[in-house]
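Read the structure below first, then the notes.
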Amino acid sequence: MKQLTDQIGTSHFFESTPRRIVSLVPSQTELLFDLGLEDQIVGITKFCVHPKHLLKNKKIVGGTKQVHFDKIKALQPDIIICNKEENTLEMVQELSAIAPVWVTNVVTIADNFQMITDFGLLFDTTAEAQALNQSIDLALADFTTFIATIPTQKAAYFIWKKPYMVAGSGTFINELLQLNRFDNFFGTQSRYPEIAVDAATRYDAVDLVLLSSEPYPFKNEDVAEFTSFFPNAKIRLVDGEYFSWHGSRLLKAIPYFQKWHQELFWMFKLLLVSDLYLSC
């Protein structure tokens, strides 16, 4: 008998290690794969795109907000993986009638380490989980050294358009903004507030605007729209998976962040030289 408690405080009892897993969280599907659990995954969402071949090899049971309960029941899962932010309370409650529902809640990097440790204990992959956590820890240490001399910038991270929504405090995105030495301009507001973006609004104090690729897929054509609202800011498109996905994705995010900062630095240098040339 194994007793474990998930990240929302629910205790679970397992007579044996869960072998048939339904994952309703794309980032955690990737984590399960990276822990060597591909064969145990029996059901995923249509948004579980990493690794891509799972979409062909596993049963698709819906999305993250709406699922086909009958399809999940037919898979006879030993456990269903959900996330407090990705999935709804009503979904979790209904799924509980099918199998134990393990709910993660990842807001900080420390939460991410805990989730990986928990999965190791849940699925008897403790060695793999420890190795992954160690790799992330080492990568974070190197990145912290790399970024220590980079000046802090006030940043706004947009996740949605019309209504315009940003990442505030109490989110994993905010945690990774801080990791990158970005002072979240909207960090005094919690979760994902809707903000005013209109002709009467200017945010002069923002240095950097990040337009995410998900959940709203911002494109190059969206950049010009923000220049009048953020007249002093650099406006950049970013890969939302690296700022919002937790689990093993964090290990892949760190080299992305480092490369991104290097490109931003040289772009700033070129703009500075250009401005000096034009002023002569």
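The values are calculated or read from the model by the stated rules, or taken from the named source; none is laboratory data. Model, not experiment: these values are computed from the prediction. Cβ coordinates were reconstructed from backbone atoms using ideal geometry, including for glycine residues, and neighbour counts include every protein chain displayed.
Please work out if Gly168 is small (Gly, Ala, Ser), touching a Leu at 6+ places or on another chain (Cβ under 9 Å) and surrounded by 15 or more Cβ atoms within 10 Å (Cβ to Cβ).
Details: small (Gly, Ala, Ser): yes; touching a Leu at 6+ places or on another chain (Cβ under 9 Å): no; surrounded by 15 or more Cβ atoms within 10 Å (Cβ to Cβ): yes.
Judged against the criteria, Gly168 is not a match.
For a quick check of your reading: which helices (runs of 4 or more DSSP H) sit entirely within the stretch 21-86 and have at least 1 residues that are of a type in the set (S, T, N, Q)? Talk me through it step by step, then tell me what you get.
Values: elements: 26-34, 54-57, 69-74.
It comes to 26-34, 54-57.
Is there a residue in the stretch 252-265 that is surrounded by fewer than 17 Cβ atoms within 10 Å (Cβ to Cβ), touching a helix residue (DSSP H, G or I) at 6+ places or on another chain (Cβ under 7 Å), not assigned by TED's automatic domain parsing to the domain that holds Asn83 and not in a helix (DSSP H, G or I)?
no
Pick out the one residue from Phe230, Phe243 that is buried (at least 21 other Cβ atoms within 10 Å of the Cβ) and closer than 30 Å to Met115 by Cβ.
Details: Phe230 fails: closer than 30 Å to Met115 by Cβ.
Answer to the selection: Phe243.
Could you tell me which of the residues Ile150, Ile98 is surrounded by fewer than 18 Cβ atoms within 10 Å (Cβ to Cβ), in a loop (DSSP other than H, G, I, E, B) and in contact with a His (Cβ under 9 Å, 6 or more places away or on another chain)? Give the derivation first.
Numbers: Ile98 fails: in contact with a His (Cβ under 9 Å, 6 or more places away or on another chain).
It is Ile150.
If you check Ile80 against the conditions, is it surrounded by 20 or more Cβ atoms within 10 Å (Cβ to Cβ) and among the hydrophobic types (A, V, I, L, M, F, W, C)? Break it down stepwise before answering.
On the way: surrounded by 20 or more Cβ atoms within 10 Å (Cβ to Cβ): yes; among the hydrophobic types (A, V, I, L, M, F, W, C): yes.
When the stated conditions are applied, Ile80 passes them.
For Tyr242, indicate whether it is at negative phi, of a type in the set (Ser, Thr, Tyr), part of a helix (DSSP H, G or I) and at pLDDT 95 or above.
Numbers: at negative phi: yes; of a type in the set (Ser, Thr, Tyr): yes; part of a helix (DSSP H, G or I): yes; at pLDDT 95 or above: yes.
Yes, satisfied.
Here are some conditions: (1) modelled with pLDDT of 95 or more; (2) surrounded by 14 or more Cβ atoms within 10 Å (Cβ to Cβ); (3) outside any loop (DSSP other than H, G, I, E, B). Phe218 meets all but one. Which one does it not meet?
For Phe218, the failing item is (3).
If I filter the stretch 34-41 for residues that are without any contact (Cβ under 8 Å) to a residue 60 or more places away in the chain and either basic (Lys, Arg) or within 28 Å of Arg191 (Cβ to Cβ) (or both), do I get at least one hit?
No: the stretch 34-41 contains no residue that is without any contact (Cβ under 8 Å) to a residue 60 or more places away in the chain and either basic (Lys, Arg) or within 28 Å of Arg191 (Cβ to Cβ) (or both).
Would you please list the contacts, defined by Cβ atoms under 7 Å and residues six or more apart or on different chains, that run from a residue in the stretch 123-146 that is within 12 Å of Pro255 (Cα to Cα) to a residue that is surrounded by 14 or more Cβ atoms within 10 Å (Cβ to Cβ) and not β-branched (Val, Ile, Thr)?
Ile136/Leu250; Ile136/Leu251; Ala139/Leu251; Phe143/Phe257; Phe143/Gln258; Phe146/Gln258
Counting only residues that are of a type in the set (A, V, I, L, M, F, W, C) and in a strand (DSSP E or B), which one in the stretch 221-239 is nearest to the chain's Cα centre (by Cα)?
We begin by selecting, within the stretch 221-239, every residue of a type in the set (A, V, I, L, M, F, W, C); these are 223-224, 226, 229-230, 233, 235, 237-238.
Narrowing further to those that are in a strand (DSSP E or B): 235, 237-238.
Details: Ile235: 21, Leu237: 16, Val238: 13 Å.
Across the stretch 221-239, the extreme among qualifying residues is Val238.
Of Arg181, Arg191, which residue is loosely packed, with under 15 Cβ neighbours inside 10 Å and among the basic types (Lys, Arg)? Break it down into steps so the answer makes sense when it comes.
Values: Arg181 fails: loosely packed, with under 15 Cβ neighbours inside 10 Å.
The unique qualifying residue is Arg191.
Is it the case that the stretch 28-47 has a residue that's hydroxyl-bearing (Ser, Thr, Tyr) and under 28 Å from Tyr242 (Cβ atoms)?
Residues of the stretch 28-47 that are hydroxyl-bearing (Ser, Thr, Tyr), as a first pass: 29, 45.
Filter again for under 28 Å from Tyr242 (Cβ atoms), leaving 29, 45.
Within the stretch 28-47, one or more residues are hydroxyl-bearing (Ser, Thr, Tyr) and under 28 Å from Tyr242 (Cβ atoms).
Determine, yes or no, whether Asp70 is over 22 Å from the mean Cα position of the chain (by Cα), surrounded by fewer than 20 Cβ atoms within 10 Å (Cβ to Cβ), over 14 Å from Arg20 (Cα atoms) and of a type in the set (Asp, Glu).
In short, yes.
Conditions: (1) out of contact with any Phe, Trp or Tyr (no Cβ under 7 Å at 6 or more places or on another chain); (2) crowded, with 18+ Cβ neighbours inside 10 Å; (3) outside any helix (DSSP H, G or I). Ala156 meets all but one. Number of the miss?
With (1) out of contact with any Phe, Trp or Tyr (no Cβ under 7 Å at 6 or more places or on another chain); (2) crowded, with 18+ Cβ neighbours inside 10 Å; (3) outside any helix (DSSP H, G or I) applied to Ala156, the lone miss is (1).
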